[in-house]
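Report on one structure; see the data block that follows.
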Amino acid sequence: MSLLDVRNLQTHFRTRGGVNRAVEGVSFHVDAGETLAIVGESGCGKSVTSMSIMRLLPENAARSAGEILLNGRNLLDLSEAQMRDVRGNEIGMIFQEPMTSLNPVLTVGAQVKETVALHQSIPSADVHDRALRMLELVGIPDAARRMTEYPHQLSGGMRQRIMIALALVCQPKLLIADEPTTALDVTIQAQILELLRDIQREQGTSIILITHDLGVVAEATDRTVVMYAGRKIEEAPTATLLAAPRHPYTQGLLAAVPRLGGDGSGRLAEIPGQVPDMRKPMTGCAFANRCAQATDFCRAHAPALERKAPGHIAACHLAEPEILA
Ligand code: SF4
(Lines give C-alpha, C1' and ligand atoms only; values in the text may rest on other atoms or scores of the structure.)
Protein backbone atom coordinates (compact mmCIF):
# COMPACT_ATOMS: atom_id res chain seq x y z
CA MET A 1 0.00 0.00 0.00
CA SER A 2 1.27 3.48 -0.85
CA LEU A 3 1.78 6.01 1.93
CA LEU A 4 -0.44 8.51 0.10
CA ASP A 5 -3.00 7.60 -2.53
CA VAL A 6 -4.89 10.49 -4.12
CA ARG A 7 -7.83 9.29 -6.18
CA ASN A 8 -9.90 11.38 -8.57
CA LEU A 9 -9.34 14.61 -6.62
CA GLN A 10 -11.60 17.47 -7.61
CA THR A 11 -11.22 20.93 -6.09
CA HIS A 12 -13.48 23.70 -7.33
CA PHE A 13 -13.77 27.36 -6.30
CA ARG A 14 -16.66 29.80 -6.47
CA THR A 15 -15.56 32.92 -8.36
CA ARG A 16 -17.41 35.92 -9.74
CA GLY A 17 -17.11 34.50 -13.23
CA GLY A 18 -18.43 31.04 -12.28
CA VAL A 19 -17.05 27.82 -10.83
CA ASN A 20 -13.30 27.45 -11.35
CA ARG A 21 -12.46 23.74 -11.72
CA ALA A 22 -8.90 24.19 -10.45
CA VAL A 23 -8.25 20.48 -9.98
CA GLU A 24 -10.30 18.06 -12.04
CA GLY A 25 -9.97 14.33 -11.46
CA VAL A 26 -6.30 14.07 -10.46
CA SER A 27 -4.92 10.75 -9.15
CA PHE A 28 -1.40 9.84 -8.02
CA HIS A 29 0.37 8.01 -5.24
CA VAL A 30 3.52 8.48 -3.17
CA ASP A 31 5.41 5.48 -1.80
CA ALA A 32 7.33 5.36 1.46
CA GLY A 33 10.70 7.12 1.16
CA GLU A 34 9.97 8.35 -2.37
CA THR A 35 10.19 11.89 -3.78
CA LEU A 36 7.44 12.78 -6.23
CA ALA A 37 7.61 15.97 -8.31
CA ILE A 38 4.46 17.77 -9.37
CA VAL A 39 5.32 20.21 -12.15
CA GLY A 40 3.58 22.69 -14.41
CA GLU A 41 3.20 26.39 -15.04
CA SER A 42 1.55 28.68 -12.51
CA GLY A 43 -2.18 28.16 -12.32
CA CYS A 44 -2.02 24.52 -13.46
CA GLY A 45 -3.41 23.26 -10.13
CA LYS A 46 -0.27 21.94 -8.44
CA SER A 47 -0.44 24.16 -5.34
CA VAL A 48 -4.21 23.71 -5.07
CA THR A 49 -3.54 19.95 -5.05
CA SER A 50 -1.16 20.31 -2.10
CA MET A 51 -3.52 22.61 -0.19
CA SER A 52 -6.32 20.09 -0.83
CA ILE A 53 -4.20 17.33 0.73
CA MET A 54 -3.58 19.56 3.77
CA ARG A 55 -7.24 20.65 3.76
CA LEU A 56 -6.11 24.27 3.89
CA LEU A 57 -8.34 25.63 1.14
CA PRO A 58 -9.63 29.21 1.11
CA GLU A 59 -13.24 29.97 2.01
CA ASN A 60 -14.43 30.12 -1.59
CA ALA A 61 -13.66 26.41 -2.08
CA ALA A 62 -16.94 24.99 -3.35
CA ARG A 63 -16.00 21.35 -3.64
CA SER A 64 -13.22 19.04 -2.57
CA ALA A 65 -14.10 15.50 -3.60
CA GLY A 66 -12.45 12.20 -4.36
CA GLU A 67 -10.22 10.37 -1.90
CA ILE A 68 -6.98 11.39 -0.21
CA LEU A 69 -5.84 8.20 1.50
CA LEU A 70 -2.98 8.57 3.96
CA ASN A 71 -2.02 5.10 5.18
CA GLY A 72 -5.47 4.02 4.01
CA ARG A 73 -7.39 6.72 5.94
CA ASN A 74 -9.37 9.21 3.83
CA LEU A 75 -8.38 12.72 4.96
CA LEU A 76 -11.56 14.13 3.42
CA ASP A 77 -13.60 12.19 6.02
CA LEU A 78 -11.73 13.55 9.07
CA SER A 79 -13.01 16.24 11.43
CA GLU A 80 -11.12 19.53 11.61
CA ALA A 81 -9.70 18.50 15.01
CA GLN A 82 -8.41 15.21 13.55
CA MET A 83 -6.97 17.10 10.60
CA ARG A 84 -5.07 19.48 12.90
CA ASP A 85 -3.43 16.41 14.34
CA VAL A 86 -2.53 15.10 10.87
CA ARG A 87 -0.93 18.46 9.97
CA GLY A 88 2.40 18.51 11.71
CA ASN A 89 2.35 14.96 13.05
CA GLU A 90 1.77 13.04 9.82
CA ILE A 91 2.23 15.62 7.07
CA GLY A 92 4.61 18.58 7.23
CA MET A 93 4.60 21.41 4.73
CA ILE A 94 7.10 24.03 3.64
CA PHE A 95 6.30 27.01 1.47
CA GLN A 96 8.14 29.19 -1.01
CA GLU A 97 8.49 32.30 1.14
CA PRO A 98 9.16 31.51 4.79
CA MET A 99 8.62 35.13 5.91
CA THR A 100 4.90 34.76 5.23
CA SER A 101 4.70 31.55 7.28
CA LEU A 102 6.95 32.43 10.24
CA ASN A 103 5.60 34.59 13.05
CA PRO A 104 7.62 37.85 12.95
CA VAL A 105 7.09 38.63 16.67
CA LEU A 106 8.22 35.28 18.08
CA THR A 107 11.80 34.04 18.24
CA VAL A 108 12.50 31.07 16.00
CA GLY A 109 13.19 28.95 19.10
CA ALA A 110 9.78 29.80 20.55
CA GLN A 111 8.13 28.82 17.26
CA VAL A 112 9.85 25.46 17.00
CA LYS A 113 9.17 24.72 20.70
CA GLU A 114 5.52 25.70 20.29
CA THR A 115 5.16 23.21 17.43
CA VAL A 116 6.79 20.43 19.46
CA ALA A 117 4.62 21.17 22.52
CA LEU A 118 1.45 21.29 20.41
CA HIS A 119 1.93 17.99 18.63
CA GLN A 120 4.13 15.79 20.81
CA SER A 121 3.39 14.30 24.21
CA ILE A 122 6.84 14.76 25.69
CA PRO A 123 7.82 16.26 29.07
CA SER A 124 8.08 20.05 28.84
CA ALA A 125 11.69 19.84 30.05
CA ASP A 126 12.53 17.93 26.85
CA VAL A 127 10.83 20.34 24.46
CA HIS A 128 13.78 22.73 24.33
CA ASP A 129 16.25 19.91 23.62
CA ARG A 130 14.07 18.49 20.86
CA ALA A 131 13.78 21.93 19.22
CA LEU A 132 17.53 22.55 19.52
CA ARG A 133 18.39 19.14 18.04
CA MET A 134 16.09 19.84 15.09
CA LEU A 135 17.74 23.18 14.35
CA GLU A 136 21.13 21.47 14.44
CA LEU A 137 19.84 18.73 12.13
CA VAL A 138 18.79 21.29 9.50
CA GLY A 139 22.25 22.88 9.64
CA ILE A 140 21.65 26.06 11.62
CA PRO A 141 25.09 27.09 12.89
CA ASP A 142 25.26 28.15 16.55
CA ALA A 143 21.69 26.87 16.93
CA ALA A 144 21.34 27.70 20.65
CA ARG A 145 21.97 31.39 19.95
CA ARG A 146 19.82 31.39 16.79
CA MET A 147 16.88 30.14 18.84
CA THR A 148 16.77 33.52 20.57
CA GLU A 149 16.62 35.46 17.28
CA TYR A 150 13.63 36.67 15.28
CA PRO A 151 12.96 35.66 11.66
CA HIS A 152 14.00 39.07 10.25
CA GLN A 153 17.48 38.58 11.76
CA LEU A 154 18.09 35.51 9.59
CA SER A 155 19.02 35.18 5.90
CA GLY A 156 16.52 33.74 3.38
CA GLY A 157 18.35 30.41 3.36
CA MET A 158 18.37 30.22 7.18
CA ARG A 159 14.65 31.06 7.30
CA GLN A 160 13.93 28.24 4.87
CA ARG A 161 15.94 25.89 7.12
CA ILE A 162 13.77 27.02 10.06
CA MET A 163 10.65 26.23 7.99
CA ILE A 164 12.05 22.77 7.27
CA ALA A 165 12.76 22.32 11.00
CA LEU A 166 9.18 23.33 11.82
CA ALA A 167 7.78 20.96 9.20
CA LEU A 168 9.92 18.00 10.32
CA VAL A 169 10.26 18.41 14.09
CA CYS A 170 7.36 16.01 14.71
CA GLN A 171 8.83 13.49 12.24
CA PRO A 172 5.95 13.37 9.75
CA LYS A 173 5.90 10.53 7.25
CA LEU A 174 5.17 12.94 4.38
CA LEU A 175 6.63 16.34 3.61
CA ILE A 176 5.00 18.62 1.05
CA ALA A 177 7.46 21.21 -0.22
CA ASP A 178 5.79 23.88 -2.38
CA GLU A 179 8.44 25.72 -4.42
CA PRO A 180 10.82 25.50 -1.44
CA THR A 181 13.84 26.95 -3.23
CA THR A 182 12.31 29.46 -5.66
CA ALA A 183 13.10 32.53 -3.55
CA LEU A 184 16.70 31.44 -2.92
CA ASP A 185 19.87 31.92 -4.93
CA VAL A 186 21.31 28.93 -6.79
CA THR A 187 23.95 27.99 -4.17
CA ILE A 188 21.47 28.08 -1.29
CA GLN A 189 18.92 26.18 -3.43
CA ALA A 190 21.44 23.37 -3.85
CA GLN A 191 22.12 23.30 -0.11
CA ILE A 192 18.40 23.12 0.73
CA LEU A 193 17.85 20.27 -1.76
CA GLU A 194 20.83 18.43 -0.29
CA LEU A 195 19.39 18.95 3.19
CA LEU A 196 16.02 17.51 2.12
CA ARG A 197 17.81 14.49 0.62
CA ASP A 198 19.84 13.95 3.82
CA ILE A 199 16.75 14.14 6.02
CA GLN A 200 14.90 11.78 3.70
CA ARG A 201 17.76 9.27 3.96
CA GLU A 202 17.88 9.56 7.76
CA GLN A 203 14.17 9.61 8.54
CA GLY A 204 12.68 7.80 5.53
CA THR A 205 10.35 10.76 4.86
CA SER A 206 8.35 10.75 1.63
CA ILE A 207 8.39 14.08 -0.19
CA ILE A 208 6.05 15.78 -2.66
CA LEU A 209 8.06 18.50 -4.35
CA ILE A 210 5.93 21.07 -6.13
CA THR A 211 7.97 23.10 -8.57
CA HIS A 212 8.14 24.81 -11.92
CA ASP A 213 11.91 24.30 -12.00
CA LEU A 214 13.07 21.35 -14.11
CA GLY A 215 16.58 21.63 -12.68
CA VAL A 216 15.14 20.82 -9.25
CA VAL A 217 13.05 17.99 -10.72
CA ALA A 218 16.08 16.42 -12.40
CA GLU A 219 18.23 16.67 -9.31
CA ALA A 220 15.90 15.73 -6.52
CA THR A 221 12.99 13.50 -7.54
CA ASP A 222 12.20 9.85 -8.36
CA ARG A 223 8.94 10.22 -10.23
CA THR A 224 7.17 13.17 -11.85
CA VAL A 225 3.54 14.11 -12.40
CA VAL A 226 2.93 16.87 -14.98
CA MET A 227 -0.22 18.94 -14.52
CA TYR A 228 -1.95 21.17 -17.03
CA ALA A 229 -5.24 23.05 -16.62
CA GLY A 230 -6.07 21.21 -13.39
CA ARG A 231 -5.45 17.77 -14.87
CA LYS A 232 -2.65 15.22 -14.73
CA ILE A 233 -1.46 14.90 -18.31
CA GLU A 234 1.69 12.81 -17.90
CA GLU A 235 3.48 10.74 -15.27
CA ALA A 236 6.71 8.75 -15.42
CA PRO A 237 9.92 8.02 -13.54
CA THR A 238 11.75 11.36 -13.62
CA ALA A 239 14.72 10.13 -15.68
CA THR A 240 12.34 8.66 -18.30
CA LEU A 241 10.17 11.76 -18.43
CA LEU A 242 13.13 14.09 -18.93
CA ALA A 243 14.73 11.80 -21.55
CA ALA A 244 11.59 10.92 -23.52
CA PRO A 245 8.52 13.05 -22.69
CA ARG A 246 5.40 11.81 -24.52
CA HIS A 247 2.98 14.72 -24.10
CA PRO A 248 3.48 17.82 -26.32
CA TYR A 249 3.06 20.06 -23.24
CA THR A 250 5.92 18.32 -21.40
CA GLN A 251 7.96 18.38 -24.60
CA GLY A 252 7.30 22.12 -24.79
CA LEU A 253 8.41 22.66 -21.21
CA LEU A 254 11.63 20.78 -21.86
CA ALA A 255 12.28 22.45 -25.21
CA ALA A 256 11.96 25.77 -23.43
CA VAL A 257 14.99 24.80 -21.32
CA PRO A 258 17.67 24.34 -23.97
CA ARG A 259 20.51 23.72 -21.55
CA LEU A 260 18.92 22.11 -18.54
CA GLY A 261 21.20 22.82 -15.62
CA GLY A 262 23.82 24.25 -17.99
CA ASP A 263 22.96 27.88 -17.38
CA GLY A 264 22.24 27.25 -13.72
CA SER A 265 18.60 28.23 -14.03
CA GLY A 266 16.71 25.21 -15.38
CA ARG A 267 13.53 27.29 -15.19
CA LEU A 268 10.51 26.61 -17.32
CA ALA A 269 10.16 29.25 -20.00
CA GLU A 270 6.82 30.34 -21.42
CA ILE A 271 5.01 28.21 -23.94
CA PRO A 272 3.12 30.50 -26.34
CA GLY A 273 -0.62 30.84 -25.67
CA GLN A 274 -2.84 30.83 -22.62
CA VAL A 275 -4.05 28.14 -20.25
CA PRO A 276 -7.78 27.70 -20.98
CA ASP A 277 -10.34 29.41 -18.73
CA MET A 278 -11.17 26.73 -16.19
CA ARG A 279 -14.53 28.35 -15.46
CA LYS A 280 -15.76 27.36 -18.91
CA PRO A 281 -16.83 23.87 -19.97
CA MET A 282 -13.96 22.17 -21.77
CA THR A 283 -14.42 20.05 -24.87
CA GLY A 284 -11.59 17.99 -26.26
CA CYS A 285 -7.94 18.22 -25.22
CA ALA A 286 -7.26 21.03 -22.72
CA PHE A 287 -3.92 21.76 -24.47
CA ALA A 288 -5.37 21.94 -28.00
CA ASN A 289 -5.31 25.77 -28.25
CA ARG A 290 -1.51 25.76 -27.66
CA CYS A 291 -0.52 22.50 -29.34
CA ALA A 292 1.21 22.64 -32.73
CA GLN A 293 0.00 19.10 -33.49
CA ALA A 294 -3.69 19.62 -32.60
CA THR A 295 -6.23 18.11 -34.98
CA ASP A 296 -10.01 18.49 -35.22
CA PHE A 297 -10.26 15.13 -33.46
CA CYS A 298 -8.18 16.53 -30.53
CA ARG A 299 -10.48 19.56 -30.29
CA ALA A 300 -13.57 17.35 -30.12
CA HIS A 301 -12.40 14.44 -27.95
CA ALA A 302 -10.56 14.68 -24.62
CA PRO A 303 -7.66 12.19 -24.55
CA ALA A 304 -7.61 9.70 -21.67
CA LEU A 305 -4.47 8.93 -19.67
CA GLU A 306 -3.00 5.81 -21.25
CA ARG A 307 0.05 3.69 -20.67
CA LYS A 308 2.72 4.55 -23.23
CA ALA A 309 5.63 2.60 -21.72
CA PRO A 310 6.29 0.78 -18.43
CA GLY A 311 5.48 3.22 -15.61
CA HIS A 312 4.82 5.97 -18.16
CA ILE A 313 1.33 7.35 -18.84
CA ALA A 314 0.24 10.35 -20.90
CA ALA A 315 -3.01 11.89 -22.14
CA CYS A 316 -2.46 12.59 -25.83
CA HIS A 317 -4.11 11.06 -28.90
CA LEU A 318 -0.85 11.25 -30.85
CA ALA A 319 1.51 9.72 -28.26
CA GLU A 320 1.83 6.17 -29.53
CA PRO A 321 2.59 3.39 -27.04
CA GLU A 322 6.17 2.20 -27.15
CA ILE A 323 6.51 -1.10 -29.03
CA LEU A 324 8.33 -3.48 -26.74
CA ALA A 325 10.67 -5.99 -28.37
FE1 SF4 B 1 -1.91 18.05 -28.82
FE2 SF4 B 1 -3.91 16.53 -29.64
FE3 SF4 B 1 -2.11 15.52 -27.99
FE4 SF4 B 1 -3.83 17.35 -27.13
S5 SF4 B 1 -4.31 15.28 -27.85
S6 SF4 B 1 -1.68 17.30 -26.72
S7 SF4 B 1 -4.03 18.66 -28.92
S8 SF4 B 1 -1.76 16.23 -30.10
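The values are calculated or read from the model by the stated rules, or taken from the named source; none is laboratory data. These figures come from a predicted structure and were not determined experimentally. Here the Cβ positions follow ideal geometry from the backbone for every residue, glycine too, while neighbour counts run over all protein chains shown. We work out accessible area using only protein heavy atoms, side chains counted, and drop any ligands, DNA or RNA first. Shrake-Rupley method; radii C 1.70, N 1.55, O 1.52, S 1.80 Å.
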Counting only Cα atoms, I'd like the Rg/Rh figure for the range 46-200, Kirkwood definition for Rh. 0.97
For the chain, set up a GNM with springs between Cα atoms under 10 Å and report which of ALA22, ALA131, ALA110 has the largest fluctuation. ALA110
Under 20 Å from the 7 Å Cα→Cβ point of SER2, by amide nitrogen: which residues of the range 57-93? 64-78, 87, 90-93
Could you give the nm distance between label points at THR182 and SER27, where each point is 7 Å from its Cα heading toward the beta carbon? 2.9 nm
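Extension gain ARG279-VAL19, at 0.36 nm per residue separation less the Cα-Cα distance, in nm? Please list the in-between numbers first.
Details: separation 260, 0.36 × 260 = 93.60 nm, distance 0.53 nm.
Additional length available on full extension: 93.1 nm.
Might you report the magnitude of the Cβ-based charge dipole of the range 172-215 about its Cα centre, with Lys and Arg at +1 and Asp and Glu at -1, to the nearest 20 debye? Spell out each step's value before the answer.
Working: 3 positive and 7 negative charges, 45 e Å.
Its charge dipole is roughly 220 debye.
With Rg and the Kirkwood Rh both taken from Cα atoms, where does Rg over Rh land for the range 90-153?
On the way: Rg = 11.8 Å, Rh = 12.4 Å.
Looking at the range 90-153, the ratio lands at 0.95.
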Need one number: nm distance between label points at MET83 and HIS128, each 7 Å from Cα along Cα→Cβ, rounded to one decimal. 3.7 nm
Estimated translational D of the range 32-123 in µm²/s (Stokes, Kirkwood radius over Cα pairs; 37 °C; 0.692 mPa s): 211 µm²/s
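Roughly what % of DSSP beta bridges within the chain run antiparallel, to the nearest 5? Before the final figure, lay out the partial values.
Details: 32 of 51 bridges.
Given both bridge residues lie in the chain, the antiparallel proportion sits at roughly 65 percent.
With viscosity set to 1.002 mPa s at 20 °C, what whole-number translational diffusion coefficient in µm²/s follows for the chain from Stokes-Einstein and a Kirkwood radius over Cα pairs? Don't skip to the end; give the middle numbers.
Details: Rh = 20.8 Å.
Reported coefficient: 103 µm²/s.
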Whole number in Å², please: accessible area per residue of the chain, 1.4 Å probe, ligands, DNA and RNA not counted. 46 Å²
Total formal charge among the other residues, if their Cβ is under 12 angstrom from that of THR283, Lys/Arg +1 and Asp/Glu -1: +1
On the protein heavy atoms, probe 1.4 angstrom, tell me the percent of accessible surface of the chain carried by carbon and sulfur. 51 percent
Would you mind computing, in nm to one decimal, how far apart the modelled labels at THR107 and ARG299 are, each placed 7 Å from Cα along Cα→Cβ? 6.5 nm
Take the alpha-carbon centre of the range 73-102, take the same for the range 1-67, and report the distance between them in whole Å. 14 Å
Determine which lysines satisfy two conditions relative to LYS232: a Cα distance under 30 Å, and not lying fewer than 8 residues away in the same chain. LYS46, LYS173, LYS280, LYS308
